[in-house]
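The values are calculated or read from the model by the stated rules, or taken from the named source; none is laboratory data. Remember, it's a predicted structure, so these values are computed and weren't measured experimentally. All Cβ positions, even for glycine, are placed from backbone atoms using ideal geometry, and neighbour counts span all protein chains on display. Heavy atoms of the whole protein, side chains included, go into the accessibility calculation; ligands, DNA and RNA do not. Shrake-Rupley method; radii C 1.70, N 1.55, O 1.52, S 1.80 Å.
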Amino acid sequence: MSKKYILEMFPYPSGNIHMGHVRNYVIGDICARYHKLKGDEVIHPMGWDAFGLPAENAAIQFKTHPQDWTLSNIKNMKDQLLKLNLDLDWDRELATCNEDYYRYQQELFIDLFNAGLAYKKDAIVNWDPVDQTVLANEQVIDGKGWRTGATVVKKNLSQWFFKITDYAEELLNDLDKLTLWPEKVKTMQKNWIGKSIGAEIKFKIAEKDRFLNIFTTRPDTIYGATFIAVSINHEIVSEILDKVSIEKIRKGFDEVNDDKEKIGIKLNIRCKHPILDKEIPVYIANFVLDNYGEGAIFGCPAHDERDFEFAKKYNLPIIKVIDCMDSELPYMGDGKLINSPLLNGLNKDKAIVEIIEYFIKSGTGREKINYKIRDWGVSRQRYWGCPIPVIYYEDGTYRVLDKSELPVVLPYDINLQDKGNALLNKESWRNIICPKTNKKAYRETDTLDTFVDSSWYYIRFLNNKIDKPFDPSQANEYLPVDKYIGGIEHAILHLLYSRFFMKALRDIYKLKIDEPFKQLFTQGMITHKTYKTTNNEWVMPIEVISKNGKLLRHKTNETIEEGPSEKMSKSKKNVVEPDEILENYGIDATRVFMISDSPPDRELEWTDEGIQSSKNLVNRVHRYFSEKKGDINLEIEKEIEKFVHNIEKNILNFSLNKCVADIYTLFNHLEKKNVYLYNDKLSKKILICLFPIVPKLSKSLNETLFKSDDFEKWPEIKTDLLIEDRIKLPIQIQGKLITTIDTKKGYSEKEILKSIYELDKIKNKMHNKKVTRIINVQDKIINIIVN
RNA sequence: GCGCCAGUGGCGGAAUGGUAGACGCGCUGGUCUUAGGAACCAGUGGGCAACCGUGGGGGUUCGAGUCCCUCCUGGCGCACCA
């Protein structure tokens with residue numbers, strides 16, 4: 001018996017299940033039910049990604065408590081999921097906001113800290129001065145706080161980080177092992193990690209006993225360097241200028257209208273060229289990123305677009321060091337080096353190797369691999385999240401708690417209406433006496449990013465009751481998740497964080513697992529036509545009626561314009577509610593529609609015709625099994641065998657739309673032949689294959705026809721029944737189809753040609769022509785080549 | 001700008017380099033019905049035809065929707081990443 005861990009991304013309990021969830025979970029459910037029938041040991045859990053900002057917002061808006069709001073949403077959404085008749089392991093259920101989940105996450109935090117993978121450092125954050133809180137990037141709209149409208153300021157705060165950069169190389173390399181992941185997701189992760197190979201070069205500052213480090217992927221162009229540019233946040237800036245001037249410059253940078261426009265402020269220092277006996281100016285430039293490389297660059301205007309633009313604006317020299325013939329500058333391509341005594345005549349790649357060797361010898365630089373990915377900042381100045389198990393002393397030092405001191409329980413009794421972080425305001429919780437030192441101390445009031453919660457939930461599902469985060473031997477046995485199904489919107493963050501967690505936990509707990517998700521399947525979104533009144537007011541599809549070919553709003557008779565199909569969203573009102581659909585069409589028809597109209601990884605357009613025809617199919621299958629007539633022959637058996645084979649193949653490939661086609665094909669055939677199987681044993685086979693897709697119908701038919709409430713194992717394919725002994729053989733002349741002939745498989749070429757030449761269609765085409773070649777792909781095609 | 005993916009009937013979509021359009025929706029005609037978002041039967045890429053047809057152009061091959069080159073269009077992702 002082999003294990004199959006099938007997992008759908010767990011939902012955020014926002015209040016209601018939407019159609020996107022339904023599609024996601026139906027896809028997973030079909031896989032899980034199939035594997036169960038196959039006799040596999042299936043793990044198919046469900047839980048709740050229950051911490052997060054919406055709960056706090058709702059609490060403020062509706063004067064409720066985040067916990068009450070969340071738990072009641074979970075209850076409601078669980079009821080909805082139960083109605084979907086999903087075959088889930090509810091005994092594995094977990095919610096990340098419950099103490100019996102997050103206390104183990106606090107243990108993992110301690111593990112990560114002890115392994116050197118969690119650390120604290122200062123970082124710049126978006127600060128809302130009115131609400132006295134940090135805002136996430138997406139909560140800053142046009143530089144203003146989304147709730148207060150106050151101008152957000154950058155603030156330097158001490159924050160916790162996870163050292164994902166330690167794993168950058170492995171996270172990149174192991175993407176190659178993920179053969180069952182969509183290429184698209186892997187590409188996105190690859191770009192996010194952003195590995196680039198280049199060099200770090202040390203520029204001596206002429207006026208100071210100090211160097212400026214820069215990173216470049218083009219050290220070969222060093223002879224063309226005519227300036228240095230640093231980011232406004234570079235430490236050299238604060239060494240030279242006072243705070244007021246820096247802020248003035250920063251403000252100037254911020255006020256640029258065109259964010260591509262390059263501006264620079266010349267500093268009164270110069271850098272020595274590492275090879276040539278000359279000095280080049282140093283600028284603070286708005287286009288130098290402070291969070292990439294060293295936050296400093298050397299400018300080679302002749303061979304870099306941005307440097308070129310900058311040099312033009314500030315009249316800096318442009319020295320050509322790559323022979324690009326008549327090409328206009330800047331020229332970024334390859335070519336022979338010129339004006340570069342040590343490198344002249346070499347091509348780019350060779351020159352890079354040479355110059356790095358020179359840097360190493362002269363102590364002016366070295367080869368450097370740089371990654372775009374930065375360490376994961378996990379501190380959130382928010383109440384509704386997992387408390388970080390750290391305490392601070394009055395002298396500013398801190399201590400990460402021992403596991404025996406856990407859990408740090410999130411206090412229930414808080415006031416969210418006050419400004420700022422509710423935990424910071426909750427002094428009775430925050431202020432403690434350290435039990436180890438008896439010193440006054442206060443708790444860390446930041447909570448963990450909710451992406452931490454979802455980075456290991458798939459491990460906790462293996463045993464949600466064990467009194468430690470997880471059991472390593474169990475993890476080794478049941479991980480990785482065999483099929484992970486969810487939306488592409490998590491292509492980077494969640495999936496990358498989870499991969500990092502898996503690797504970190506592997507190293508801490510000596511696991512044998514490198515990757516959390518063996519196969520990733522990203523389902524497409526559900527779209528729906530949009531409807532608007534002439535006043536541009538969005539209208540729900542259910543309100544729209546068609547009258548004499550015109551669309552009208554049911555109640556008011558307003559004219560309605562139909563817009564393009566877009567992702568279902570509340571704001572555009574183009575949603576359909578799962579509860580209503582289930583009520584009107586039933587669960588099986590809903591399941592069928594979720595998979596029928598397009599491949600599961602593409603978008604699915606919701607249409608009334610679509611759901612109705614799914615309903616019709618379910619009814620038709622039901623009706624089919626209401627009588628027994630016709631003669632069962634070998635051909636019928638073969639057809640059913642083919643059906644079993646196709647359904648199986650298509651479920652395994654996630655080609656679920658083709659499963660629906662298989663069902664139509666089978667019943668079209670049976671009805672055409674006027675064979676109604678009723679309780680013949682062949683019906684059993686069909687019902688088993690239908691079970692993953694339409695479980696309710698299949699189960700009820702099984703009860704009616706066979707008085708059984710259980711299914712046998714998935715049928716073994718009788719391969720001999722899949723073999724056709726007669727085939728339709730296409731006959732081509734010059735590669736063009738002329739006709740097809742009905743013949744036995746395994747015909748002899750000589751004999752079949754004889755009969756082919758007798759055919760009128762062929763005779764006509766061959767008139768006056770000589771056969772020069774025969775291509776016979778046995779049992780597939782015959783192609784006659786004539787002169 | 002860079003990267004990735006995709007362009008097939010009226011529509012959604014099928015096709016290990018080997019009969020393009022499976023299957024469904026829609027549509028047309030018919031049957032049954034008091035009625036039907038029901039069911040059933042027949043038809044449905046274009047063209048009267050020879051033939052022509054998988055975004056355009058070229059190539060490889062006996063044979064291309066499929067492989068290669070190139071261009072166009074659309075979608076997604078990243079975006080001053082040095």
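For the stretch A:146-177, how many residues are under 20 Å from A:Asp449 (Cβ atoms), part of a strand (DSSP E or B) and not small (Gly, Ala, Ser)?
Number of matching residues: 8.
Of the numbered conditions (1) within 14 Å of RNA strand B (Cβ to nearest atom); (2) open to solvent by 10 Å² or more (accessible area, probe 1.4 Å); (3) more than 30 Å from A:Leu342 (Cα to Cα), A:Lys155 fails exactly one; give the number of that condition.
The number of the failed condition is (1).
Looking at the stretch A:154-167, I want the residues that are at pLDDT 90 or above and have a partner that is among the aromatic types (Phe, Trp, Tyr) and assigned to a strand (DSSP E or B) with Cβ atoms under 7 Å, at least 6 apart or on another chain. Which pairs are those?
So the pair list comes out as A:Phe161/A:Tyr119; A:Phe161/A:Trp376; A:Phe162/A:Trp376; A:Lys163/A:Tyr119; A:Ile164/A:Trp376; A:Thr165/A:Tyr371.
For the subset of the stretch A:750-773 comprising residues that are hydrophobic (A, V, I, L, M, F, W, C) and within 19 Å of A:Lys728 (Cβ to Cβ), which member is nearest to RNA strand B (Cβ to nearest atom)?
Looking at residues that are hydrophobic (A, V, I, L, M, F, W, C) and within 19 Å of A:Lys728 (Cβ to Cβ), I get A:Ile762.
Within the stretch A:774-787, take every residue that is open to solvent by 60 Å² or more (accessible area, probe 1.4 Å) and in a loop (DSSP other than H, G, I, E, B) and give me the one that is nearest to RNA strand B (Cβ to nearest atom).
Across the stretch A:774-787, the extreme among qualifying residues is A:Lys780.
Residue by residue through the stretch A:620-631, note down the ones that are outside any helix (DSSP H, G or I) and either near RNA strand B (Cβ under 8 Å from one of its atoms) or open to solvent by less than 60 Å² (accessible area, probe 1.4 Å) (or both).
A:Phe625, A:Gly630
Among the numbered conditions (1) modelled with pLDDT of 90 or more; (2) within 16 Å of RNA strand B (Cβ to nearest atom); (3) touching a Gly at 6+ places or on another chain (Cβ under 9 Å), tell me where A:Val694 comes up short.
(3)
Please verify whether A:Ile373 is more than 16 Å from RNA strand B (Cβ to nearest atom), in a loop (DSSP other than H, G, I, E, B), among the β-branched types (Val, Ile, Thr) and modelled with pLDDT under 95, treating the condition exactly as stated.
In short, no.
For A:Asp68, all conditions in the list (1) within 30 Å of A:Lys503 (Cβ to Cβ); (2) surrounded by fewer than 20 Cβ atoms within 10 Å (Cβ to Cβ) hold save one; what is the number of the exception?
That leaves (1) as the condition not met.
Out of the residues in the stretch A:319-357 that are touching a Ser or Thr at 6+ places or on another chain (Cβ under 8 Å) and outside any loop (DSSP other than H, G, I, E, B), which is farthest from A:Glu170 (Cα to Cα)?
Looking at residues that are touching a Ser or Thr at 6+ places or on another chain (Cβ under 8 Å) and outside any loop (DSSP other than H, G, I, E, B), I get A:Ile322.
Can you pull out every residue in the stretch A:258-270 that is of a type outside the set (A, V, I, L, M, F, W, C) and away from RNA strand B (no atom under 15 Å from the Cβ)?
Within the stretch A:258-270, A:Lys266, A:Asn268, A:Arg270 qualify.
I'd like to know if the stretch A:546-558 contains one or more residues that are within 10 Å of RNA strand B (Cβ to nearest atom), open to solvent by 20 Å² or more (accessible area, probe 1.4 Å) and either touching a helix residue (DSSP H, G or I) at 6+ places or on another chain (Cβ under 8 Å) or among the aliphatic types (A, V, I, L, M) (or both).
no
Name the residue, out of A:Gly363, A:Gly333, A:Gly264, A:Gly295, that is within 15 Å of A:Asp220 (Cβ to Cβ) and among the small types (Gly, Ala, Ser).
A:Gly333
If A:Glu394 meets every condition in (1) surrounded by fewer than 13 Cβ atoms within 10 Å (Cβ to Cβ); (2) under 23 Å from A:Asn98 (Cα atoms); (3) touching a strand residue (DSSP E or B) at 6+ places or on another chain (Cβ under 9 Å) apart from one, which number is that one?
Failing condition for A:Glu394: (2).
I'd like to know if the stretch A:402-423 contains one or more residues that are farther than 21 Å from A:Pro13 by Cβ, part of a helix (DSSP H, G or I) and open to solvent by less than 10 Å² (accessible area, probe 1.4 Å).
yes
Regarding A:Glu294, is this residue at pLDDT below 95, farther than 27 Å from A:Ile338 by Cβ and surrounded by 18 or more Cβ atoms within 10 Å (Cβ to Cβ)?
When the stated conditions are applied, A:Glu294 passes them.
Please return the ranges of helices (runs of 4 or more DSSP H) entirely within the stretch A:439-536 where 2 or more residues are open to solvent by less than 10 Å² (accessible area, probe 1.4 Å) and of a type in the set (A, V, I, L, M).
Of the helices (runs of 4 or more DSSP H) lying wholly inside the stretch A:439-536, those with at least 2 residues that are open to solvent by less than 10 Å² (accessible area, probe 1.4 Å) and of a type in the set (A, V, I, L, M) span A:493-509.
Being near RNA strand B (Cβ under 8 Å from one of its atoms) and of a type in the set (A, V, I, L, M, F, W, C) is the filter here; which residues of the stretch A:292-308 pass it?
A:Ala296, A:Ile297, A:Phe298, A:Cys300
How many residues, within the stretch A:727-745, are open to solvent by 60 Å² or more (accessible area, probe 1.4 Å) and within 21 Å of A:Lys638 (Cβ to Cβ)?
Total meeting the criteria: 5.
Looking at (1) over 30 Å from A:Ile781 (Cβ atoms); (2) not in a loop (DSSP other than H, G, I, E, B), can you tell me which one A:Lys728 breaks?
(1)
Of the numbered conditions (1) away from RNA strand B (no atom under 12 Å from the Cβ); (2) open to solvent by 40 Å² or more (accessible area, probe 1.4 Å); (3) not β-branched (Val, Ile, Thr), A:Glu724 fails exactly one; give the number of that condition.
Evaluating A:Glu724 over (1) away from RNA strand B (no atom under 12 Å from the Cβ); (2) open to solvent by 40 Å² or more (accessible area, probe 1.4 Å); (3) not β-branched (Val, Ile, Thr) leaves (1) as the failure.
Taking only pairs six or more apart or across chains, which ones have beta-carbon atoms under 9 Å, a first residue in the stretch A:773-784 that is closer than 17 Å to A:Glu724 by Cβ, and a second residue that is surrounded by fewer than 15 Cβ atoms within 10 Å (Cβ to Cβ) and among the acidic types (Asp, Glu)?
So the pair list comes out as A:Gln778/A:Glu749.
Does the stretch A:424-438 hold any residues that are in contact with a Pro (Cβ under 8 Å, 6 or more places away or on another chain) and part of a loop (DSSP other than H, G, I, E, B), and which are they?
Scanning the stretch A:424-438 gives a single hit, A:Lys426.
Which is touching a residue at least 12 places away in the same chain (Cβ under 8 Å), of a type in the set (A, V, I, L, M) and within 13 Å of RNA strand B (Cβ to nearest atom), of A:Leu289, A:Leu316?
Exactly one of A:Leu289, A:Leu316 is touching a residue at least 12 places away in the same chain (Cβ under 8 Å), of a type in the set (A, V, I, L, M) and within 13 Å of RNA strand B (Cβ to nearest atom), namely A:Leu289.
Can A:Val644 be described as away from RNA strand B (no atom under 11 Å from the Cβ), in contact (Cβ under 8 Å) with a residue 24 or more places away in the chain and of a type in the set (Val, Ile, Thr)?
yes
When the residues of the stretch A:566-619 are filtered to those that are more than 9 Å from RNA strand B (Cβ to nearest atom) and among the small types (Gly, Ala, Ser), which remaining residue is least open to solvent (accessible area, probe 1.4 Å)?
Once the filter is applied, the top-ranked residue is A:Ala589.
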